[in-house]
Structures are given as C-alpha cells and as structure tokens.
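S.K.: Just passing along the structure, written as structure tokens.
A short reminder: the numbers here are calculations on the coordinates, not readings from a lab. All figures in this text were calculated on a predicted structure; none of them were measured in a lab. Neighbour counts run over all protein chains shown; Cβ positions are idealised from the backbone, glycine included.
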Amino acid sequence: MTPLKDHFIKRIEAAGPMTLAAYMGECLMHPAHGYYQQQAVFGAEGDFTTAPEVSQMFGEMIGLWLADRWTKMDRPNPVNLIELGPGRGTLMADILRAVSPVEDFSAALQVHFVEASTQLRAAQAEKVPNAQWHDTLAHVPEGPSLIIANEFFDALPIHQYEKTGGKWVERMVGCIDGDLAMVGGPCGPQFSLIDEAIKAGPEGSIAEACPAALSIIGDISERLNTHGGAALVVDYGYRKTAAGDTFQAMQKHAYVDPFTAPGEADLTAHVNFELLKAAATEKGLRAFGPAMQGMFLMAIGLGARAQVLAGQGDEAFSASILSDLKRLTAIDQMGTLFKVLALQPHELAPPPGF
C-alpha cells in the first residue's frame, strides 16, 4: 500500500467520501507523496511521453509561432514568456534555442514557469537556469505576455457525475471493504457547470466538470486583455462538449486502475476545448481553433523542418526524424487526439496555423 493510499483510507473512514477533484489534486501534488514530486515521470523511463520529449521539432515550431506573435505585437521589450506546467523544461529549452537567431526577441524575453512541484522545478532549472518560478499565473509580473500550456489542462482536477435512477449523483472516492472505490454522493455546486443537454441525457450518463480550468482561462484572459499578448493551449481532449468518463491513470506507458497505487500513477482527464474557448470569448478574447495538432504543426512548417533535419544525417537518423514527424502528426497517433487552441485580444493579427 502506498503512503497516500493509507492516508486516503484513514481520511475517508474519519470524514466520509471525498470528491474526485480532491483525490486527483492530492494524488498529483501532495507535498511529500504526490506524483509530480517523483524523480522521473516523463519520457521513456517515466510513465508517459509528451510532444517535446518526442522531438525537438515540436518546440522549434512553437518557438517560431511565438516569435511571429511577438512581431505582430509590435515587438514589446520586455515580454513575459510564460509556460504553465513546464514538465522537465524540454519545451522551453527547445523554444529558446529556436528563437535565438531572432536577437531582439531573445533579448526581450523574460521566462516564467508556473510550477508547483519542487522536484520538477529542480529539473527545469537544469535546462532553463534563467527562468523565474511561480506557484500561480497571478504571481507572474504584469506586462505583455506570451503563454504556452502543453499538456497542462489535462492534469487539472475534475468533478464527475453520473445519472442513476433518474437522478444525478456526484462520483466520489470512498472506501469499500478496506479499499478505495468510486461511490455516489450528493452533487456539489460545481454541477452547475454541466451543460443542460447533458443533464437531460439517458440513464447511466457520466458528465465531467473542471472548475480549475475555467478559473485559469479567466486569469489568462484578464492578463491578455490588460497587457496584450497571446496564449497557445496544446492538449488532448474533445472539441465539442460530450458526456463520458475520461478519467484515467497512466503508469509505465500503460493504463492502470487509478485507485491501486495513488501517488505512483499519472491521473488525467480529457480537456473540453469547447468550454475553454467559450470561457475565453466570454472574457473578451478572440479564440482560434481548436485545430488538430497534426494539421497545426504542418501548417506552421513542421514538414519542411523535418525534411531539412532528415537531410543532415545518415539513413538511420533520417528514418528517426520521419518517425518523429509521423508520431506528432499522424491521425492514428498524436495528430488528431491532441488539439491546439490560440487565444489573443481582437486587435492582434490572426495567428498562423489556423
């Protein structure tokens, strides 16, 4: 039994079932036993692989997209380059390398990481030593900002609801026969975020709400409306609001039971891009997308970049580059599951890739 599992069982026995959101939050971010306090969670040696870990080309393309936005913003100096949930710092390191030839841009950048994990902060400092770290976006200094969030929103805690016996109940984490399990409970106030069409769905329907995502989109919107800039959200999820259970746990690149070893598996849920887009536009921003990741990357030049790199090495190196290109863009790999959403004020010129 993991330390967190023992902690949860004792807590539930004393105080009753807990929301799925509370469970997710502690599993991922508990200061002593949380998943993101572990040494290795990304890459082949970890539990999952993100796009920046697949290939440097991903970060290079994002970097050039950000440089374009900066130019269209009339080249503010300084400008905040903010990454939410920067992992091991791989994406930012690739971005900074790609834009280094754009001297004025590189000189203007002030890199800020929004990261709560002390373990990951240490890894990030090795790759991007000049970054500044913050617990929340609100703590980042004011000013024109370029914001990137790659596989950040999928890790935010969700609430889940199920329609049973003609009524909706909240799916809670309880204790049955000395083990963690999903149980039903009364719906909390977050149920008001569920779309009315889904509430009218059939028996057995499952609905999800992520209040934290909407709150962060609100913070992004306020910053961009006040100071200017642009944000790019890349994540896996669905374009239109839909019912269904997307809560999942990943360990060693395989799906596992989310209640077996809390703190030792990554917990995520699919991102509702329709809600993110609606929340941003409601706050006055203009939204572009969500576009399929594969189409977006090819539109901003990934194919051409892959060809250049493939021509610089031997046959094995070229094959590796083309394999990475396929993994990032193919419809049966990351190309369609992952979506890209751009947010910016109305006065800024439309972004490339959409």
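S.K.: Name the single residue, out of those in the range 200-236 being buried (at least 23 other Cβ atoms within 10 Å of the Cβ) and more than 16 Å from the chain's Cα centre (by Cα), that is farthest from F58 (Cα to Cα).
M.R.: Selected residue: A207.
S.K.: Turning to a different aspect of this structure: So how many residues does the range 151-173 have that are under 12 Å from the mean Cα position of the chain (by Cα) and at negative phi?
M.R.: So the first thing to find is which residues in the range 151-173 are under 12 Å from the mean Cα position of the chain (by Cα), and the list is 151-157.
Subset that is at negative phi: 152-157.
Result for the range 151-173: 6.
S.K.: Among the helices (runs of 4 or more DSSP H) lying completely within the range 48-128, list those that include at least 1 residues that are under 18 Å from the mean Cα position of the chain (by Cα). Walk me through it before giving the result.
M.R.: Details: elements: 51-54, 56-72, 90-99, 103-108, 118-127.
Per the criteria, 51-54, 56-72, 90-99, 118-127.
S.K.: Check G353, G301 and return the single one that is out of contact with any Phe, Trp or Tyr (no Cβ under 6 Å at 6 or more places or on another chain) and at positive phi.
M.R.: On the way: G353 fails: out of contact with any Phe, Trp or Tyr (no Cβ under 6 Å at 6 or more places or on another chain).
Checking each option against the conditions leaves just G301.
S.K.: Sticking with this one: If we keep just the residues of the range 276-286 that are surrounded by fewer than 20 Cβ atoms within 10 Å (Cβ to Cβ) and either touching a residue at least 24 places away in the same chain (Cβ under 8 Å) or of a type in the set (A, V, I, L, M, F, W, C) (or both), which is nearest to K5 (Cα to Cα)? Break it down into steps so the answer makes sense when it comes.
M.R.: We begin by selecting, within the range 276-286, every residue surrounded by fewer than 20 Cβ atoms within 10 Å (Cβ to Cβ); these are 278, 281-284, 286.
Subsequent filtering for residues that are either touching a residue at least 24 places away in the same chain (Cβ under 8 Å) or of a type in the set (A, V, I, L, M, F, W, C) (or both) retains 278, 283-284, 286.
Working: A278: 37, K283: 40, G284: 43, R286: 43 Å.
Here the residue is A278.
S.K.: Pairs under 7 Å by beta carbon, first residue under 12 Å from P129 (Cα atoms) and free of Cβ contacts under 8 Å to residues at least 60 places away in the same chain in the range 85-100, partner of a type outside the set (A, V, I, L, M) and assigned to a loop (DSSP other than H, G, I, E, B), six or more apart or different chains?
M.R.: Listed pairs, sorted by first residue: M92/P86.
S.K.: Moving on. Taking the range 287-333 only, how many residues are under 22 Å from F153 (Cα atoms) and surrounded by 13 or more Cβ atoms within 10 Å (Cβ to Cβ)?
M.R.: Total meeting the criteria: 15.
S.K.: Those residues that are touching a residue at least 60 places away in the same chain (Cβ under 8 Å) and not in a strand (DSSP E or B), I need them from the range 199-210; list them, please. Walk me through it before giving the result.
M.R.: Just the residues of the range 199-210 that are touching a residue at least 60 places away in the same chain (Cβ under 8 Å), to begin with: 208, 210.
Within the range 199-210, just C210 meets the criteria.
S.K.: Pairs please, first residue from the range 184-195 and of a type in the set (D, E), second anywhere and not in a strand (DSSP E or B), Cβ atoms under 8 Å, 6+ apart in sequence or on different chains.
M.R.: Pairs found: D195/T241.
S.K.: Of all residues in the range 137-171 being assigned to a loop (DSSP other than H, G, I, E, B), out of contact with any strand residue (DSSP E or B) (no Cβ under 6 Å at 6 or more places or on another chain) and touching a residue at least 60 places away in the same chain (Cβ under 8 Å), which is farthest from H30 (Cα to Cα)?
M.R.: Result: E142.
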